[in-house]
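For reference, the structure discussed in these notes is given below.
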Amino acid sequence: MANLECENKYTYTAKERNFCDNIALKGMTQYEAYCRAYNATKMKRETIDRKAHDTVYKDKIRTRIEELRKTLQEKAIQKATWTMEESTQKLLGLVQEVENDEYINRSVTTKVDTLMKPLKELNSMYGYNKVNTVNETTIKTELTLEDILCKQKNGQ
């Protein structure tokens, strides 16, 4: 991961970078990260634990781990947000396609039925079809876009 602010403030050895990456990006324990980053094959368990603990509490190490975790979290949020936006755009595109489909001779019922699939998915994505519980009474969310189209389909 490049462009970390801590890189401007601190200088890191390859072993320190590896130690931080192992903890923040690979989810290793301090012990595992220390063993992988440093030559610890001849050390006792207690020695590794102490050195790993001391290393993780150095300001520059703690700062790098925090920045790596923050960057990783931001990327995960961006990916999830992009996926939601992308899904919405594609589903809305399907709705628009069906609405603009005038050259094919379809009945109103067929057109409404075709519209229902992407609209149901959109309602599901945004939680409009969920059942809410209030004071031990179950209330279904009222009047979704599906309901409106069904009423139009039935001439109500």
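FYI, it's all coordinate maths here, none of it is from the lab. Computed from a prediction, not measured in an experiment: that's the story for all the values here. Cβ placement follows ideal geometry from the backbone for every residue including glycine, while neighbour counts extend to all protein chains displayed.
Summary table
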quantity: Rounded if a/c under 1.5, otherwise prolate or oblate - region 1-100, Cα gyration tensor axes; calculated: prolate
quantity: FRET E, pair residue 43, residue 5, Förster distance 35 Å, beta-carbon r, rounded to 0.05; calculated: 0.60
